[in-house]
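Enquirer: First, the structure itself, so that you have it in front of you.
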Amino acid sequence: METNKETQNVSMPRIGDKAPSFKAVTTQGEINFPELYAGNWVILFSHPADFTPVCTSEFMTFATMESKFSELNCKLVGLSVDGLYSHIAWLRTIKEKIEYKGMKNVEVKFPLIEDITMEVARKYGMMQPGESSTKAVRAVFFIDPKSVIRAIIYYPLSLGRNFDELLRVVMALQTADAFSVATPADWRPGDDVIVPPAGSCGVAKERMEGKEKDVTCHDWFFCTRKIDKEKVLGTIKKK
Ligand code: BEZ
């Protein structure tokens with residue numbers, strides 16, 4: 001089989017893996033990852049380059065939404081293969097000069113990792129040579145309080161991320177954990193959730209007959225139940 005030399009030996013952490021460890025310099029000081037974030041959810045994300053327009057729109061959006069992630073006990077950590085002084089100058093430009101879609105004076109308070117050696121970007125599969133061998137793709141790693149990778153999304157250089165979706169993923173993962181359920185297509189807090197398969201034929205039959213409180217079965221393998229939006233948000237939001 002023909003292999004592309006550039007794509008050999010690329011490390012790609014997967015869902016369910018422990019987040020690979022690294023020490024790094026950031027705009028907020030040195031960090032020891034993921035140890036520093038144990039007990040928190042964290043989104044580790046990469047962007048292709050400082051002083052580029054799509055990335056600027058993304059950073060302004062992320063910084064503006066940071067409090068929404070914080071309410072979910074979720075920290076943000078950015079990375080690109082630029083150096084620290086580039087990061088500092090870019091974030092200062094964003095704060096002092098850029099006004100975009102009603103956002104202005106936007107201060108990026110979460111850490112932005114410098115990774116000029118590409119060591120971290122390579123460790124996390126953020127360098128994808130088919131797309132670019134000099135810039136990280138737009139990767140998003142959702143990491144839980146036990147430092148386990150729970151979801152991963154990759155976008156190409158030209159495509160800015162949907163930040164409502166990133167928030168939705170955090171809420172859905174936390175809801176699945178808290179209530180031992182799954183979340184259906186396009187789920188948002190307040191929508192019905194999917195209950196695990198019945199453990200016995202007796203329970204399945206009762207469910208199908210509509211005898212289980214708040215449970216609706218569309219077929220024996222597809223049952224949903226209501227959880228109020230207030231109950232979901234009251235459970236997953238930081239007290
Ligand atoms: C951008 O963020 O605008 C961008 C960065 C790298 C390549 C293409 C676009």
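Read the figures in this text as sums done on the coordinates, not as results from a lab. Just so it is clear, the structure is predicted and the values come from calculations on it, not from any experiment. Positions of Cβ are generated from backbone atoms using ideal geometry, with glycine treated the same way; all protein chains shown enter the neighbour counts.
Enquirer: Among bridges DSSP assigns within the stretch 22-148, what percent are antiparallel (round to 5)?
Expert: On the way: 11 of 21 bridges.
Counting only bridges with both partners in the stretch 22-148, antiparallel ones make up about 50 percent.
Enquirer: Separate question: Roughly speaking, what is the stretch gain from LEU159 to SER67, that is 0.36 nm per residue apart minus the C-alpha to C-alpha distance, in nm to one decimal?
Expert: Numbers: separation 92, 0.36 × 92 = 33.12 nm, distance 2.40 nm.
Separation in residues times 0.36 nm, less the Cα-Cα distance, equals 30.7 nm.
Enquirer: Also, quick follow-up: Whole Å is fine, so just give me how far the alpha carbon centre of the stretch 182-239 lies from that of the stretch 139-171.
Expert: 25 Å
Enquirer: Sort 36-48, 106-118 by packing, meaning the average of other beta carbons within 10 Å per residue, with the highest value first. Don't skip to the end; give the middle numbers.
Expert: Working: 36-48: 20.2, 106-118: 18.3.
Highest-to-lowest ranking by the protection proxy: 36-48, 106-118.
Enquirer: Cα axis of helix 163-179 to longest principal axis of the chain: angle in degrees, 0 to 90, nearest 10?
Expert: Tilt of helix 163-179: around 40 degrees.
Enquirer: Still on this model: Kindly express, to the nearest 10 degrees and within the range 0 to 90, the angle between helix 53-71's C-alpha long axis and the longest C-alpha principal axis of the chain.
Expert: Taking Cα atoms only, the helix is inclined about 50 degrees.
Enquirer: Considering the chain, what Rg and Dmax in Å follow from its alpha-carbon atoms?
Expert: Radius of gyration, then largest Cα-Cα span, for the chain: 20.6, 65 Å.
Enquirer: Moving on. Sum -39500 (n - 2.57) across every DSSP H segment of at least 4 residues in the chain, then divide by the residue count to get the 222 nm mean residue ellipticity, nearest 500.
Expert: For the chain, the value works out to -9000 deg cm²/dmol.
Enquirer: Moving to a separate point now. What shape does the stretch 66-120 take by its C-alpha gyration tensor, where a ≥ b ≥ c are the square roots of the eigenvalues and a/c under 1.5 counts as rounded, a/b above b/c as prolate, and the rest as oblate? Before the final figure, lay out each step's value.
Expert: Numbers: a/c = 2.97, a/b = 1.17, b/c = 2.53.
Cα axes put the stretch 66-120 in the oblate bin.
Enquirer: Which of the peptides 228-239, 188-199 is most tightly packed, and how do the rest follow, going by the mean number of other Cβ atoms within 10 Å of each residue? Please list the in-between numbers first.
Expert: Details: 228-239: 13.0, 188-199: 15.2.
Ranked by mean Cβ neighbours within 10 Å, highest first: 188-199, 228-239.
Enquirer: Taking every DSSP beta bridge that has both residues in the chain, what percent is antiparallel when rounded to the nearest 5? Intermediate results must be reported in sequence, preceding the final value.
Expert: Values: 25 of 35 bridges.
Bridges in the chain are about 70 percent antiparallel.
Enquirer: Rounded, prolate or oblate: pick one for the stretch 43-144, where a ≥ b ≥ c are the square roots of the eigenvalues of its C-alpha gyration tensor, a/c under 1.5 means rounded, and failing that, prolate if a/b is larger than b/c, else oblate. Spell out each step's value before the answer.
Expert: Working: a/c = 1.90, a/b = 1.28, b/c = 1.49.
It comes out oblate by the Cα gyration axes.
Enquirer: Let me check against my output: what whole-number percent is the relative contact order of the chain, with C-alpha pairs under 8 Å and at least 6 apart?
Expert: On the way: 416 pairs, mean separation 50.1, N = 239.
Contact order relative to length: 21 percent.
Enquirer: For labels at ASN32 and ALA182 in the simple 7 Å Cα→Cβ model, what's the distance in nm?
Expert: The modelled label-to-label distance comes out at 3.9 nm.
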